[in-house]
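Novice: Have a look at this one.
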Amino acid sequence: MGTMSEFPLSLRLFLKAYPWRRIDPVPWTPLAKPLSESRLALLSSAGFVVPGQEPFDAAVRGGDVSFRDIPAGVDVRTLADTHRSESFDHSGLREDPNVAFPIDRIRELAARGRIGSMNHRHLSFMGSITAPGRLVRHTGPEAARRLVADGVDVALLVPV
Amino acid sequence: MCNQAVGLVAAELERQGIATVVLQLLREVAERVRPPRALFVPFPHGYPMGKPEDPAQQHAVLEAALHILEDRSLTPPALVDHTP
């Protein structure tokens, strides 16, 4: 189970005092059509990049709020974990990136018609964002605009 | 922090007309941030889909997430527990 007790004391104290951003009001888009006719995009905060892409930058104050496109045809075994956080165990997702970026499983869902299709790209973020203002004002809305333009109906978002 | 980031991005997607479901690894963070639709998974940090090289378990998590999208009885914010 994910609990605060997994973290070192200094991080636990930081998280205890951290002013979490409360989403209010909570927006809600009902499912417009059956999943078997819907296009799905995957979003991950595990800091994955494909070969040749700029790694995420752990030195950015407050967190790197940029994101990368991950092409739908990517071989998941070629994804590089550039997440710099030491507050979680990286060994599982390095052994099998589907642990945090389940693109092989989503291809299987599309192949058997559980979902209509997979979008031509997915999006990768790096999650150690302690100051999420720029994420909320800029890169989050930009990510949404791109997926809307792609005709995406539903999205699965996976933290790490 | 990862839990909060995906919740905030999900809210932007929902505002622009995309239905979302997020996985969450910390219940107390999910309750405070309030992503629109969330599946709380009982796995350690670093393992949101469960064990490596376990497609059956990964599919069980995905199916639970898809059910949240399909469940018309849920209201925002919806936080559902995954029981593997």
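The values are calculated or read from the model by the stated rules, or taken from the named source; none is laboratory data. Bear in mind the structure is a predicted one, so any value in this text is a computation, not a measurement. Cβ placement follows ideal geometry from the backbone for every residue including glycine, while neighbour counts extend to all protein chains displayed.
Novice: Does the stretch A:112-126 hold any residues that are surrounded by fewer than 24 Cβ atoms within 10 Å (Cβ to Cβ) and either over 12 Å from A:Ala155 (Cα atoms) or in contact with a Gly (Cβ under 7 Å, 6 or more places away or on another chain) (or both), and which are they?
Specialist: A:Arg112, A:Gly113, A:Arg114, A:Gly116, A:His120
Novice: Out of the helices (runs of 4 or more DSSP H) lying entirely within the stretch A:59-160, which hold 1 or more residues that are of a type in the set (S, T, N, Q)?
Specialist: Values: elements: A:91-95, A:103-111, A:140-149.
Of the helices (runs of 4 or more DSSP H) lying wholly inside the stretch A:59-160, those with at least 1 residues that are of a type in the set (S, T, N, Q) span A:91-95.
Novice: Anything in the stretch B:22-40 that is crowded, with 24+ Cβ neighbours inside 10 Å and outside any helix (DSSP H, G or I)? List them, or say none.
Specialist: B:Val22, B:Leu23, B:Gln24, B:Leu25, B:Pro35, B:Pro36, B:Arg37, B:Ala38, B:Leu39
Novice: Does A:Ser85 fit the bill of being surrounded by fewer than 16 Cβ atoms within 10 Å (Cβ to Cβ) and out of contact with any Lys or Arg (no Cβ under 6 Å at 6 or more places or on another chain)? Even if it seems obvious, please write down each step before you answer.
Specialist: On the way: surrounded by fewer than 16 Cβ atoms within 10 Å (Cβ to Cβ): no; out of contact with any Lys or Arg (no Cβ under 6 Å at 6 or more places or on another chain): yes.
Here the answer is no, as A:Ser85 does not meet what is asked.
Novice: What number of residues within the stretch A:88-111 are crowded, with 18+ Cβ neighbours inside 10 Å, of a type in the set (D, E, K, R) and in contact with a helix residue (DSSP H, G or I) (Cβ under 7 Å, 6 or more places away or on another chain)?
Specialist: 1
Novice: Being of a type in the set (A, V, I, L, M) and either on the phi > 0 side of the Ramachandran plot or out of contact with any helix residue (DSSP H, G or I) (no Cβ under 9 Å at 6 or more places or on another chain) (or both) is the filter here; which residues of the stretch A:53-75 pass it?
Specialist: Pass one, the stretch A:53-75, residues of a type in the set (A, V, I, L, M): A:58-60, A:65, A:70, A:72, A:74.
Listed by number, the residues that qualify are A:Ala58, A:Ala59, A:Val60.
Novice: Provide a single number: the residues in the stretch B:13-49 that are free of Cβ contacts under 8 Å to residues at least 40 places away in the same chain and more than 7 Å from chain A (Cβ to nearest Cβ).
Specialist: Qualifying residue count for the region: 1.
Novice: Looking only at the stretch A:131-152, which residues are facing chain B (nearest Cβ under 7 Å) and in contact with a strand residue (DSSP E or B) (Cβ under 8 Å, 6 or more places away or on another chain)?
Specialist: A:Ala143, A:Leu147, A:Val152
Novice: Kindly provide the set of residues from the stretch A:103-130 that are under 13 Å from the mean Cα position of the chain (by Cα) and facing chain B (nearest Cβ under 7 Å), ordered by number.
Specialist: Within the stretch A:103-130, the subset under 13 Å from the mean Cα position of the chain (by Cα) is A:103, A:121-129.
Residues satisfying the conditions are A:Phe125, A:Gly127, A:Ser128, A:Ile129.
Novice: Evaluate the following for B:Ala78: is it more than 7 Å from every other protein chain (Cβ to nearest Cβ), within 14 Å of B:Gly7 (Cβ to Cβ) and either crowded, with 18+ Cβ neighbours inside 10 Å or not hydrophobic (A, V, I, L, M, F, W, C) (or both)?
Specialist: Numbers: more than 7 Å from every other protein chain (Cβ to nearest Cβ): yes; within 14 Å of B:Gly7 (Cβ to Cβ): yes; either crowded, with 18+ Cβ neighbours inside 10 Å or not hydrophobic (A, V, I, L, M, F, W, C) (or both): yes.
Yes; evaluated as a whole, the condition is true for this residue.
Novice: In addition: Looking at A:Leu43, A:Leu35, A:Leu31 in this structure, which one is among the aliphatic types (A, V, I, L, M) and within 17 Å of the chain's Cα centre (by Cα)?
Specialist: When all the criteria are applied, what remains is A:Leu43.
Novice: Right, another one. Which one of these is among the hydrophobic types (A, V, I, L, M, F, W, C), more than 8 Å from every other protein chain (Cβ to nearest Cβ) and surrounded by fewer than 16 Cβ atoms within 10 Å (Cβ to Cβ): B:Ala56, B:Ala64? Working first, answer last.
Specialist: Numbers: B:Ala64 fails: surrounded by fewer than 16 Cβ atoms within 10 Å (Cβ to Cβ).
B:Ala56 is the lone residue from the list that is among the hydrophobic types (A, V, I, L, M, F, W, C), more than 8 Å from every other protein chain (Cβ to nearest Cβ) and surrounded by fewer than 16 Cβ atoms within 10 Å (Cβ to Cβ).
A quick yes/no check of all residues on (1) in contact with a Ser or Thr (Cβ under 9 Å, 6 or more places away or on another chain); (2) at pLDDT below 95:
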{"position": "A:Met118", "(1), (2)": "no, no"}
{"position": "A:Thr130", "(1), (2)": "no, yes"}
{"position": "A:Arg145", "(1), (2)": "no, no"}
{"position": "A:Asp150", "(1), (2)": "no, no"}
{"position": "A:Asp153", "(1), (2)": "yes, no"}
